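K.L.:
Below is one structure. I have some questions about it.
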Amino acid sequence: MRTFRTDLHIHTVLSPCGSLEMSPGNIVSLANQRGLNIIGITDHNSTKQCELIWKLAKKTNLTVIPGCEMTSREEVHCLGLFEDFDALRVFQDYLDRHLSIIPHNASLFGYQVVVDQDENILEELDYYLGAALDVSVEEVEQKVHELSGIFIPAHVDRPRNSLYSQLGFLPPELKVDALQISKLAEETAVREKYRIGSDLTLVKFSDAHFPDDLGKTYTIFEMESPSFAEIKKALKQENGRGVKIP
């Protein structure tokens, strides 16, 4: 097995809370400089910046997994990651149909822009991407898995916008591929606090909104290659694959 430094929770200029320095080119450059092998692009409730970053990374040894960070009706943040852009486009249509439309105030929350590889603004979204979808976390999970994606509730140990802060427990019918813990959390303490067994994989990613954070927090994936199928197997701890939080 080979080891891969993996950070599957990274925001771009498109996220309202993301720095304007988090452009596609800068993200790819910084990820390579800081020794990451696999990254996930997960803007809030939008996938519109994923494909360009994927194209730029193809010129390097960096693997990009497209996706987004969704906010469910209960205000639970969760990651959805997809193997290809056909699935991603279907999921973007799902987001467009279910996102609560609230006018965006850039002076309060920051800009929401789609840029090209030269950082020219192609689109500025006038509705707030940080709003909640009008569907439950269970419905979001079902849609992600319907499209053969990976579903990971985000920063589950945080006091707000997490699975445990909003629901108080992990619903038995919710089919999670892993749980993400926040960058300052300690795995053993989180498992003990929330009674999470060893059969459920925990991962730690940067949730980077600013260049300084990118690459500082990651998980080691032990698998044969940096592919979507191998990531799935590693999260399920199948056939000798697995993950390790440094």
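K.L.:
Restricting attention to region 198-232, report how many residues are within 18 Å of Phe82 (Cα to Cα) and within 18 Å of the chain's Cα centre (by Cα).
P.N.:
11
K.L.:
With the condition kept exactly as written, say whether any residue in region 96-105 is touching a Cys at 6+ places or on another chain (Cβ under 9 Å), more than 20 Å from Ala229 (Cβ to Cβ) and at pLDDT 95 or above.
P.N.:
The answer is no; no qualifying residue exists.
K.L.:
One residue is enough: does region 5-27 have a residue meeting the conditions touching a Phe, Trp or Tyr at 6+ places or on another chain (Cβ under 7 Å), part of a strand (DSSP E or B), more than 16 Å from Gly80 (Cβ to Cβ) and among the hydrophobic types (A, V, I, L, M, F, W, C)?
P.N.:
No - not one qualifying residue is present in region 5-27.
Matching residues to (1) assigned to a strand (DSSP E or B); (2) at pLDDT 95 or above; (3) under 20 Å from Glu139 (Cβ atoms):
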position	(1), (2), (3)
Thr42	yes, yes, yes
Thr47	no, yes, yes
Leu52	no, yes, no
Leu56	no, yes, no
Thr60	no, yes, no
Glu69	yes, yes, yes
Gly80	yes, yes, yes
Arg89	no, yes, yes
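K.L.:
While we're here: Please work out which one of (1) closer than 22 Å to Glu141 by Cβ; (2) among the polar types (S, T, N, Q); (3) part of a loop (DSSP other than H, G, I, E, B) is the condition Ser206 fails and give its number.
P.N.:
(1)
K.L.:
Which condition breaks for Pro172 when tested against (1) part of a helix (DSSP H, G or I); (2) surrounded by fewer than 20 Cβ atoms within 10 Å (Cβ to Cβ)?
P.N.:
(1)
K.L.:
Let me ask another. Out of the residues in region 65-91 that are without any contact (Cβ under 8 Å) to a residue 40 or more places away in the chain and either among the hydroxyl-bearing types (Ser, Thr, Tyr) or buried (at least 24 other Cβ atoms within 10 Å of the Cβ) (or both), which is nearest to Tyr128 (Cα to Cα)?
P.N.:
Looking at residues that are without any contact (Cβ under 8 Å) to a residue 40 or more places away in the chain and either among the hydroxyl-bearing types (Ser, Thr, Tyr) or buried (at least 24 other Cβ atoms within 10 Å of the Cβ) (or both), I get Cys68.
K.L.:
Is it true that some residue in region 113-122 is crowded, with 20+ Cβ neighbours inside 10 Å and either among the polar types (S, T, N, Q) or not in a strand (DSSP E or B) (or both)?
P.N.:
no
The values are calculated or read from the model by the stated rules, or taken from the named source; none is laboratory data. In this text the structure is predicted, and so the values were computed from the model without any measurement. Note that each Cβ is placed from the backbone with ideal geometry, even for glycine, and that neighbours are counted across all protein chains shown.
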